[in-house]
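Colleague: Next up is a structure, given as structure tokens.
Any read-out appearing in this document is the output of simple, stated calculations on the displayed coordinates, not a laboratory observation. Note that the structure is predicted; figures quoted are calculated from it, not measured. Backbone-built Cβ (ideal geometry, glycine too); neighbour counts: all protein chains shown.
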Amino acid sequence: MPISSHLSQSPEGDTFVKIRFLAACTALAAATALTGCSQLAGSADGPQKVTLWLMKGSASEDFITKFTSSFEQEHPDIDLEIKIQEWTGIGEKVNAVLAGKSKESADVIEVGNTQVAQYIETGGLSEVTLEGLRVWGSKDWLKGLSDPGSINGAQYGVPWYAANRVVIYNKDLFDDAGVKPGPKTRQEWISATQKLDKGSQQGIYLAGQNWYVLAGFIWDEGGELAVETGGQWVGTLGDDKGLAGMEFYKQLQALGDGPKDADEETPPQAQVFARGQVAQIIGTPSQAAEIEAANPALKGKLGFFPIPGKTAEKPGAVFTGGSDLIIPDKTPHRARAVEVITALISEKWQTELARTMSYVPNKTTLAHLVEGNDGAATMAVGAAQGRATPPTGRWAELEGKNPIKPYMTAVLTGQDPKQAAKTASDTISKVLSSDR
């Protein structure tokens, strides 16, 4: 899912990048053990075209240019056509390719991490479990990226990059209040925020319907948004763990003037923070640039720290946004598709992508790549505790109805939490378990 919307492109006007790719069996021993050398043989008629779909905004032109140049030098025997796609309407386009009903083709496709489940459910994805274990080091993948791409132990989505929420704070306001940034526990965070919430100054601006943040609090309590039982999904906002997560959200939200009946984009929280009277918001570090653009006087005065956990041993759980890479089962170039992914997720290109785009790399073992970038490094700390929405293809439909938002508003405006949670959980159960 686009990071801009979760924390968060058509062939007309596509950007095309030609990359030559050498498919030598001797150079791809690890991959060919899985896919077969015969598939890698080059065509006698010349280079073979392989198509990669990337989403608009995921990688900069500079990244693509560098990737192209390096890849062309190392692999001169394949034409890799990179098509930039729009997020709007991408689901239909991907499903058409997976079903073999599209006039277009794609051999590797970037998709939002929470979208993979729906593609697994509808069918048409190539399983990559063995490649993950033998070639790609899947044991170190961020779970918030890898778990949504897996079902019953079989892997279909390959983590590419991640982003998650952190606390963005105003250094001047913290200094003025004598508050040390970077609380390690929820209780320390509440205490600090209480000191920051004074007069016209807000300790934190937290909109009432920021359900991604609520999800993290519920996960910290050991709860879930929904669980699968006997093949049926059941909403679990109303169990003790879910209610405890909502209670902490309510306590924190009260230390500012965030609207109880709107989400973080209504109005945009970066714009509210930019007015200079908000000590903290919870968002992706990329929002710092929006804040500074709206109020240049805040440039250099913004800091970041991970969302605190229940104890100091580990930070709070966070919703992980980002992208996975998938291979359509109908591609005639599966072995080459594997090699394209191998390059994109290599340490070399994970380093370049992380530094160019300020993303979190796809492995916990690569967190050091973003050292020196305060925002990305802070994200990487939280990413180790990253999670994603329940792995069901119906989740996107549920978000369209989104019963979690009115549930949060109901609790924040004084309604009975258990009854409000039951109403929302019943809707979750109905949507996730109903027939299409």
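Colleague: First measure r as the distance between the Cβ atoms of Thr129 and Ala262, then evaluate 1/(1 + (r/R0)^6) with R0 = 60 Å and state the FRET efficiency to the nearest 0.05. Can you show the working numbers first?
Modeller: On the way: r = 42 Å, r/R0 = 0.70.
So, using R0 = 60 Å, E works out to roughly 0.90.
Colleague: Using only alpha carbons, build the gyration tensor for the range 328-407 and give me the equivalent ellipsoid semi-axes, biggest first, whole Å. Please list the in-between numbers first.
Modeller: Working: eigenvalues 156, 119, 18 Å².
Here the semi-axes work out to 28, 24, 9 Å.
Colleague: Would you please give the residues with an amide H less than 5 Å from that of Thr51, counting only those at least 5 places away or on a separate chain, with H modeled from the backbone geometry?
Modeller: The list, which skips near neighbours in sequence, is Glu81, Asp107, Val108.
Colleague: Can you run phi through the Karplus equation (6.51, -1.76, 1.60; θ = phi - 60°) for the range 147-159 and list ³J(HN,Hα) in whole Hz, with x for Gly and Pro?
Modeller: 4, x, x, 10, 8, 6, x, 9, 9, 10, x, 9, x
Colleague: Less than 18 Å from a label point 7 Å out along the Cα-to-Cβ axis of Lys198: which backbone N atoms in the range 225-263 qualify, by residue?
Modeller: Flagged as within label range: 255-257.
Colleague: Reachable lysines from Lys405, Cα under 26 Å, same-chain residues fewer than 8 places away excluded?
Modeller: Lys143, Lys241, Lys250, Lys260, Lys310, Lys418, Lys422, Lys430
Colleague: In Å, what Rg and Dmax follow from the Cα atoms of the range 374-436?
Modeller: So, for the range 374-436, Rg and Dmax equal 15.5, 46 Å respectively.
Colleague: Quick one: Cα centre-to-centre distance for the range 375-424 and the range 315-366, in angstrom?
Modeller: Between the Cα centre of the range 375-424 and that of the range 315-366, the gap is 26 Å.
Colleague: When the expected Rg is taken as 2.2 N^0.38 Å, what fraction or multiple of it is the alpha-carbon Rg of the range 82-189? Working shown, then result.
Modeller: On the way: Rg = 20.0 Å, N = 108, 2.2 N^0.38 = 13.0 Å.
Scaled against compact globular proteins, the figure is 1.53.
Colleague: Could you pull out every residue, at least 5 positions away or on a different chain, whose amide H is within less than 5 Å of the one on Asp197? Hs are placed 1.01 Å off N in the peptide plane, and Pro or chain starts have none.
Modeller: HN-HN under 5 Å from Asp197: Gly203.
Colleague: Among Gln155, Val166, Ala177, whose Cα projects farthest towards the positive end of the dipole of the range 131-287, with charges put on the beta-carbon of Lys, Arg (+1) and Asp, Glu (-1)?
Modeller: Projecting each Cα onto the dipole axis, the largest value belongs to Ala177.
Colleague: While we're here: In debye, nearest 20: dipole of the range 169-316 around its Cα centre with unit charges on the Cβ of K, R (+) and D, E (-)?
Modeller: Working: 14 positive and 20 negative charges, 117 e Å.
The dipole magnitude comes to about 560 debye.
Colleague: Still on this structure, please answer the following. Putting +1 on Lys and Arg Cβ atoms and -1 on Asp and Glu Cβ atoms, find which of Leu133, Ser69, Leu145 reaches farthest to the positive end of the dipole of the range 36-147.
Modeller: My answer, from the dipole projection, is Leu145.
Colleague: Let's test the formula: R0 of 30 Å, r as the Cβ-Cβ distance of Glu104 and Ser429. What FRET efficiency results, to the nearest 0.05? Let's see the in-between values first.
Modeller: Values: r = 37 Å, r/R0 = 1.24.
According to the calculation, E is roughly 0.20.
Colleague: Percent of alpha carbon pairs in the range 244-310 separated by more than 14 Å?
Modeller: Numbers: 1374 of 2211 pairs.
Above the 14 Å cut-off, the range 244-310 has 62 percent of its Cα pairs.
Colleague: How far apart, in nm, are two points set 7 Å out from the Cα along the Cα-to-Cβ line at Ala289 and at His368?
Modeller: Distance between the two pseudo-spin positions: 2.7 nm.
Colleague: Give me Thr114, Thr392, Thr351 ranked fewest to most by other Cβ atoms within 10 Å of their Cβ, as a rough exposure proxy. Show your work: numbers first, answer last.
Modeller: On the way: Thr114 25, Thr392 21, Thr351 15.
Fewest to most other Cβ atoms nearby, the residues stand as Thr351, Thr392, Thr114.
Colleague: Now, a different point. Find, to one decimal place in angstroms, the Kirkwood hydrodynamic radius of the range 129-172, where the mean of 1/r is taken over every pair of different Cα atoms and then inverted. Working shown, then result.
Modeller: Numbers: mean 1/r = 0.0825 Å⁻¹.
Answer for the range 129-172: a Kirkwood hydrodynamic radius of 12.1 Å.
Colleague: State the answer as a single residue: which of Gly258, Gln280, Phe248 lies farthest towards the positive end of the charge dipole of the range 246-351, with beta carbon charges of +1 for Lys and Arg and -1 for Asp and Glu, about the Cα centre.
Modeller: Toward the positive end, the furthest listed residue is Gln280.
Colleague: Determine ³J(HN,Hα), in whole Hz, for all residues of the range 347-352 in sequence, where each value follows from phi through the Karplus function 6.51 cos²θ - 1.76 cosθ + 1.60 and θ = phi - 60°; x replaces Gly and Pro.
Modeller: 4, 4, 8, 5, 4, 5
Colleague: May I pose another question? Just to be sure I understand: if I project the alpha-carbon convex hull of the chain onto a plane and average over all orientations, what area do I get in nm²? Before the final figure, lay out each step's value.
Modeller: Numbers: hull surface 85.1 nm².
Over every viewing direction, the Cα hull of the chain projects on average to 21.3 nm².
Colleague: Taking the Cα centre of the chain as origin, sum charge times position over the Cβ atoms of Lys and Arg (+1) and Asp and Glu (-1), and report the length of that vector in debye to the nearest 20. Write down the numbers at each step before the final one.
Modeller: Values: 41 positive and 52 negative charges, 110 e Å.
In total the dipole reaches around 540 debye.
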